[in-house]
1. Name every residue in the stretch 279-313 that is farther than 18 Å from Ile268 by Cα and small (Gly, Ala, Ser), in order of residue number.
2. What residue, among those in the stretch 168-226 that are at pLDDT below 95 and in contact with a helix residue (DSSP H, G or I) (Cβ under 6 Å, 6 or more places away or on another chain), is nearest to Glu130 (Cα to Cα)?
3. Check the stretch 306-314 and report whether any residue there is under 20 Å from Glu215 (Cβ atoms) and of a type outside the set (Lys, Arg).
4. Would you check which residues across the stretch 87-133 are under 24 Å from Ser179 (Cβ atoms), of a type in the set (Asp, Glu) and touching a strand residue (DSSP E or B) at 6+ places or on another chain (Cβ under 6 Å) and list them?
5. What number of residues within the stretch 159-171 satisfy the criterion of being crowded, with 17+ Cβ neighbours inside 10 Å and either assigned to a strand (DSSP E or B) or touching a residue at least 40 places away in the same chain (Cβ under 8 Å) (or both)?
6. Kindly evaluate Lys199 against the criterion of being under 27 Å from the mean Cα position of the chain (by Cα), part of a helix (DSSP H, G or I) and touching a residue at least 12 places away in the same chain (Cβ under 8 Å).
7. Which of the residues belonging to the stretch 216-234 are of a type in the set (Ser, Thr, Tyr) and assigned to a strand (DSSP E or B)?
8. Among the residues of the stretch 147-158, write down those that are buried (at least 23 other Cβ atoms within 10 Å of the Cβ) and either outside the structural domain of Asp116 (by TED's automatic domain parsing) or hydrophobic (A, V, I, L, M, F, W, C) (or both).
Amino acid sequence: MRFASFSRISTVSRHSTARTGVLVTAGLVAALALAGCTPAAPTADPDCDVAPSGSASSSITVTGDFEKEPTVDFAIPLKTPKATERSVVIAGDGDTVAEGDTVNVMFSIYSGATSDDITGADWTTGETTEFPLDGSLLPGLQSTMLCSTVGSRVVGVIPPVDAFGDTGSADLGIGADDSLVFVVDIVSVKEAADPALPKADGVDQAPVEGMPTVELADDGRPTVTIPDTAPPTEFQLAVLKKGDGAEVADGDDVTVHYEGLNWVTKEIFDESWSRGTPANFNTGQVIEGFTKALVGQTVGSQVIVVIPPAMGYGEAGSSDNALAGQTLVFVVDILGIG
């Protein structure tokens with residue numbers, strides 16, 4: 001399930017290949033000062049694997065106050081680095097951003113080919129955007145923010161390999177060879193929650209007649225058998241395992257493993273188990289039936305839910321989504337909140 005415009009896409013490498021420490025020389029400091037940036041500042045965590053500054057990121061001139069719209073200047077077309085480069089414009093003294101944290105930021109993203117602002121961000125509202133640093137963002141966005149401190153303004157130059165790959169993004173006007181310039185203010189950070197359960201560990205519950213059946217592998221991965229009957233027309237939910245953890249509330253951020261199937265074709269259309277890591281999202285960012293399946297359940301629980309089209313992706317013909325008009329079946333392990 002992907003909800004952000006800058007979510008990671010499957011053809012893009014998850015991690016930058018050049019996150020090394022920054023060696024600061026007098027010449028480098030002078031060059032960066034002329035560009036309006038300072039070298040990547042020391043962080044509170046000496047073990048943080050910070051993306052390095054480089055000639056591309058140091059060539060970006062960024063002026064303006066923290067949490068105010070920046071003025072950003074650079075020569076076009078901007079030279080494309082081999083890996084994401086990161087320079088600190090304003091060094092904050094707050095907590096250090098780590099992998100797994102969630103950051104609240106104000107940001108703009110520019111095309112390295114045209115210098116156009118592709119986000120159209122409105123800094124005057126004072127509103128922030130929440131980014132989970134869990135691998136779901138474009139890798140270059142994540143590596144620009146990692147190791148930054150709260151109160152910092154950072155500029156990253158992101159090559160295609162750490163952004164939209166060799167296809168670019170037609171919707172955003174980004175060509176296959178275009179870098180991105182990412183200017184971001186780190187306003188606050190929420191540390192990663194306690195590690196999620198590896199699988200639902202609740203007490204087994206009695207099966208519900210008429211519902212699809214589920215068999216579990218040792219690692220918790222389900223195999224679902226759907227009856228050879230017409231799909232139900234109403235929402236149906238059964239608890240397969242009852243956990244004793246915290247209760248999911250509307251609007252919570254949750255960590256889950258899930259598998260989604262089409263009732264008619266019986267084919268899996270999406271799952272987290274095959275990716276090897278649970279999914280993280282907010283209960284307000286998914287289809288109605290998925291939200292209804294989670295809210296009120298407890299961490300450690302496993303549920304199976306049947307979602308009619310009206311609570312899924314709409315009726316047939318109402319969308320170009322292949323799942324429009326389809327009844328969906330999800331098995332969900334609820335592994336954590338926050």
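The values are calculated or read from the model by the stated rules, or taken from the named source; none is laboratory data. Please read all numbers here as calculations on a predicted model, not as lab measurements. Virtual Cβ from ideal backbone geometry, glycine too; neighbours counted across all protein chains shown.
1. Gly284, Ala293, Gly296, Gly300, Ser301, Ala310
2. Ala176
3. There is at least one residue in the stretch 306-314 that is under 20 Å from Glu215 (Cβ atoms) and of a type outside the set (Lys, Arg).
4. Residue satisfying the conditions is Asp117 alone.
5. Adding up the residues that qualify gives 7.
6. no
7. Thr223, Thr225
8. Cys147, Val154, Val155, Val157, Ile158
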